[in-house]
1. With the condition kept exactly as written, say whether any residue in segment 37-45 is in contact with a Leu (Cβ under 6 Å, 6 or more places away or on another chain), under 13 Å from Val115 (Cβ atoms) and not basic (Lys, Arg).
2. Filter segment 148-167 down to the residues that are at pLDDT 95 or above and surrounded by 13 or more Cβ atoms within 10 Å (Cβ to Cβ) and list them by number.
3. I need the full set of residues from segment 1-15 which are over 15 Å from Gly97 (Cβ atoms) and surrounded by 13 or more Cβ atoms within 10 Å (Cβ to Cβ), in order please.
4. Going through segment 21-58 one residue at a time, which ones are of a type in the set (A, V, I, L, M) and either under 15 Å from the mean Cα position of the chain (by Cα) or modelled with pLDDT under 95 (or both)?
5. For segment 109-127, name all the residues that are closer than 16 Å to Ile4 by Cβ, without any contact (Cβ under 8 Å) to a residue 60 or more places away in the chain and under 14 Å from the mean Cα position of the chain (by Cα).
6. With the condition kept exactly as written, say whether any residue in segment 42-61 is surrounded by 13 or more Cβ atoms within 10 Å (Cβ to Cβ), of a type in the set (D, E, K, R), in contact with a strand residue (DSSP E or B) (Cβ under 8 Å, 6 or more places away or on another chain) and more than 21 Å from Arg138 (Cβ to Cβ).
7. In segment 3-20, which residues are over 15 Å from the mean Cα position of the chain (by Cα) and either free of Cβ contacts under 8 Å to residues at least 12 places away in the same chain or part of a strand (DSSP E or B) (or both)?
8. Could you check Glu31 against (1) assigned to a loop (DSSP other than H, G, I, E, B); (2) surrounded by 12 or more Cβ atoms within 10 Å (Cβ to Cβ); (3) in contact (Cβ under 8 Å) with a residue 40 or more places away in the chain; (4) not small (Gly, Ala, Ser) and say which number it fails?
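The values are calculated or read from the model by the stated rules, or taken from the named source; none is laboratory data. Small disclaimer: the values here were computed from a predicted structure and weren't measured. Note that each Cβ is placed from the backbone with ideal geometry, even for glycine, and that neighbours are counted across all protein chains shown.
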Amino acid sequence: MKNILESDRLFLRELFLDDIDGLFEFFSDTETMKYLPGTKNLNEIKEWLSLVFESYQRMNFGPWALILKGSNRFLGYCGLYLQKNVDGKDEIEILYGLIKRYWGIGYATEAAKGVYNYGKSELKLTRFISLIAPGNHRSSNVAKKIGMNLEKETLMWGTNYHVYSID
């Protein structure tokens, strides 16, 4: 299995069905999912993975498994995703989600910086967004640390989100 990218402490690779236990730990935690549409059961996670696999095929990118070097520990995911119709236009989102016990160590920022650099250099993308629920200060801090600024607020999936962007 090939790594998509590496940073000092992490590597990112494609997600696989074998990652289901780590994804379940992330998606089933109510605190982790507080600012996302809600917890997911195993069938819903498999449906989400189907969308991820489709993104790999269609776009050659998607959310990737976030793995701690040395231990091969699954920490969560980080990657790029095509968000359709964000205020009338399609946008490339840098998204990230970490299992709660790995919060506050800088992994999300390290991974998001790597994904941003990969998107610019390898995929030649020029604009990125992150959709972040108001009040999700952890995620907005990650966005700010990689150089994003709050651009606007938008309504997606029936919920208000802040749109952080970097060009």
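1. Start the filter on segment 37-45 by keeping residues that are in contact with a Leu (Cβ under 6 Å, 6 or more places away or on another chain), which leaves 45.
Retained after the next criterion (residues that are under 13 Å from Val115 (Cβ atoms)): none.
So far as segment 37-45 goes, no, none of its residues is in contact with a Leu (Cβ under 6 Å, 6 or more places away or on another chain), under 13 Å from Val115 (Cβ atoms) and not basic (Lys, Arg).
2. At the first step, the residues of segment 148-167 found to be at pLDDT 95 or above are 148-154, 161-166.
Listed by number, the residues that qualify are Met148, Leu150, Glu151, Thr154, Tyr161, His162, Val163, Tyr164, Ser165, Ile166.
3. Narrowing segment 1-15 to residues over 15 Å from Gly97 (Cβ atoms): 1-9, 11, 13-14.
Matches in segment 1-15: Asn3, Ile4, Leu5, Glu6, Ser7, Arg9, Phe11, Arg13, Glu14.
4. Kept after step one, since they are of a type in the set (A, V, I, L, M), are these residues of segment 21-58: 23, 33, 36, 42, 45, 49, 51-52.
Within segment 21-58, Leu23, Met33, Leu36, Ile45, Leu49, Leu51, Val52 meet the criteria.
5. Ala112, Tyr116, Gly119
6. no
7. Asn3, Glu6, Asp18, listed by residue number.
8. (2)
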